[in-house]
1. How high is the relative contact order of region 25-152, given as a whole-number percent (alpha carbon pairs under 8 Å, six or more residues apart)?
2. For region 101-159, give the percent of accessible area contributed by carbon and sulfur heavy atoms, probe 1.4 Å, rounded to a whole number.
3. Relative contact order for the chain using alpha-carbon pairs under 8 Å, separation at least 6, rounded to a whole percent?
4. If you roll a 1.4 Å probe over the heavy atoms of the protein chains, what accessible area per residue do you get for the chain, in Å²?
5. Between Asp232 and Leu66, what length in nm is gained on full extension when 0.36 nm per residue of separation is reduced by their alpha carbon distance?
6. Expressed in nm to one decimal, what extension gain is obtained for the pair Arg129 and Thr196 from 0.36 nm per residue of sequence separation less their Cα-Cα distance?
7. With +1 on each Lys and Arg Cβ and -1 on each Asp and Glu Cβ, and nothing else charged, work out how big the dipole of region 53-121 is about its Cα centre, in Debye to the nearest 20.
8. Grab the DSSP H runs of the chain that are 4 residues or longer, score each as -39,500 (n - 2.57), total them, divide by all residues and round the 222 nm result to the nearest 500 deg cm²/dmol.
Amino acid sequence: MIELLLPADVSSAATRADTVPDGALFPEEEALIAKSVAKRRNDFATARACARRAMAGLGLPPVAVLHGHRGKPLWPEGIVGTLTHCVGYRAAALARATDVLSLGIDAEPHAPLPTGVRELVTLPAERERIGPPAPEGTGEIHWDRILFSAKESVFKTWYPVTGVELDFTEAELTFHRTDIPGSGDGAPAPTAAEGTFAARLLLTDPALPTTLHGRWRVEDGIVATAVLVRPDWRESEGM
């Protein structure tokens, strides 16, 4: 699903598997999670298995993916990338730094946010736009979860470039839904929903535009979001 949100010059890979075979990690990766619980090990290993498939898509040999502060993945020289994992879905996306300045992806279960989280991660204007939480099991879109995922993608795009942590309330998001086949009158109900979003940054940095643009999709119980910034973003904005 994540590949539907990204341009052709980004190599992505995803899996629905929650585990990978023993021996899938490099020794230096194993050392990072030697004392971790099983869930953490599985999240770490499956995401890195996706990363190596994405590397192959760029013609790169497989290498270990270690991490820095706040879990920032450390990629080979000249490569930018991002990882995500949730129950039932893990993915990686990589691109050459000559093509992409920064990118972020996120995946979440398509379900309401836990009680109390909605107020912590949204601004009053955002809550007004997305409306009240949709009841679970009704088939309605859970906009609060999409918003949470989109802000995660924004953070993953912002942090590697700026080195500054971005709070959930330091980006204001607006969403647009795009019609897809099966949504017309008399047509079967669509099995997926998708659209775009814009994130106006309330904390700014000259290295990035003040508004980041992304895409979202809901399918098979998963929310996926992606944000991408090109190296020439200043030219495209007339700066």
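The values are calculated or read from the model by the stated rules, or taken from the named source; none is laboratory data. As the structure is a computational prediction, the values presented were derived from the model and not from experiment. Neighbour counts are summed over all protein chains in view; Cβ atoms, including those assigned to glycine, are modelled from backbone coordinates with ideal geometry. Surface accessibility is based on the protein's heavy atoms, side chains included, excluding ligands, DNA and RNA. Shrake-Rupley method; radii C 1.70, N 1.55, O 1.52, S 1.80 Å.
1. Relative CO of region 25-152 lands at 18 percent.
2. Answer for region 101-159 is 58 percent, counting heavy atoms of protein chains only.
3. Computed over the chain, the figure is 19 percent.
4. 49
5. Taking 0.36 nm per residue and subtracting the Cα distance, the gain is 56.9 nm.
6. Extra length from Arg129 to Thr196 when fully extended: 22.6 nm.
7. On the way: 6 positive and 5 negative charges, 25 e Å.
In debye, rounded to 20, region 53-121 gives about 120.
8. Result for the chain: -7500 deg cm²/dmol, rounded to the nearest 500.
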